[in-house]
1. Being modelled with pLDDT of 95 or more, over 22 Å from the mean Cα position of the chain (by Cα), surrounded by fewer than 17 Cβ atoms within 10 Å (Cβ to Cβ) and part of a strand (DSSP E or B), is that true of even one residue in segment 296-316?
2. Taking the options 136, 100, 110, name whichever one is part of a strand (DSSP E or B) and out of contact with any helix residue (DSSP H, G or I) (no Cβ under 9 Å at 6 or more places or on another chain).
3. Do the conditions hold for residue 188, that is, is it in a loop (DSSP other than H, G, I, E, B) and at pLDDT 95 or above?
4. Applying the selection to segment 264-281, what residues are buried (at least 20 other Cβ atoms within 10 Å of the Cβ) and under 18 Å from residue 327 (Cα atoms)?
5. Identify, from the list 238, 224, the residue that is over 16 Å from the mean Cα position of the chain (by Cα) and in contact (Cβ under 8 Å) with a residue 60 or more places away in the chain.
């Protein structure tokens, strides 16, 4: 340790003897206070209708310009919409799907347990009942229907869809729609374009800024460099006036191609959702109609096949509004296939949506049903009276 201490003065004297390097001239920037010319600066991000002469509209500004040219506004605004109250989904019933083989109904629980003397029976088919009570016995589970009759629990209780459409606080500037199933978006229109890495799911809502044909398909621009196959979106194109034959600023519009329903009041969109209309050959008839009857609840039954093999029985169908013979708007508690044709001619809605429409609509309101694709026939001879 002492030897090290003795070396320190020697090293210090050596460093002192090393000559200093030549002085480096001061920077011209420090001398003059100005920066040497090195090209134009990039503009602040924004929209430039004409090229500026004091900056370059590159970087973020160029990106914004490209998006505006593609149809996307700057800044992007949210859809002026909100979900109606969840309480609209509530109905005063519980539903049970009976086995397709049919079932007997009894006047009392004892009769149902002993399986003796049925009051009536339901033929094999698509069978749904509503019940108010349940009894768990040594002989099994039994349900008491709203009618007071009892049935054995041969089937399954139903869980109800909570899906609801959208109400609008102002007229949307762009088209919009609901994604119908899980799908990945692409960076450009076309199946060969790379995926964005983003996945959309059923009932997600998107705005549509542009429509383009590519690779034999139609594509929807839903965001900057983000496209979806149109077949996976149920789209609404907001209107500002009614069809020519409707003498009112208040009407309900059903698009059979998109499977959407839009409600207009004072020529402004106030509500929209996805529906399930008639499947071939039980199409929902295109045309202009008027609501002629409203019922809080309805029991629907019948068959179209000569052998009644397609018999159906549906108790307490909620929020029913007839507008074209037996064709009606109503809640459909037995499926969640909204966005796809499913019915025998009626326009099926979720429980919450049918409740909203029932509260809004009045007898006499106009209904406009159309198919812009032209695939739905219009020959009157092809349409019966309609069914759920």
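The values are calculated or read from the model by the stated rules, or taken from the named source; none is laboratory data. Because the structure is a prediction, the values reported are computed rather than measured. All Cβ positions, glycine included, derive from the backbone under ideal geometry; neighbour counts span all protein chains shown.
1. yes
2. 136
3. Spelling it out, residue 188 is indeed in a loop (DSSP other than H, G, I, E, B) and at pLDDT 95 or above.
4. Passing the criteria: 274, 275, 276, 277, 278.
5. Exactly one residue qualifies, and that residue is 224.
Residue-wise test of (1) farther than 30 Å from residue 176 by Cβ; (2) touching a strand residue (DSSP E or B) at 6+ places or on another chain (Cβ under 7 Å).
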{"residue": "79", "(1), (2)": "no, yes"}
{"residue": "84", "(1), (2)": "no, yes"}
{"residue": "89", "(1), (2)": "no, no"}
{"residue": "94", "(1), (2)": "yes, yes"}
{"residue": "105", "(1), (2)": "yes, yes"}
{"residue": "138", "(1), (2)": "yes, no"}
{"residue": "145", "(1), (2)": "yes, yes"}
{"residue": "149", "(1), (2)": "yes, yes"}
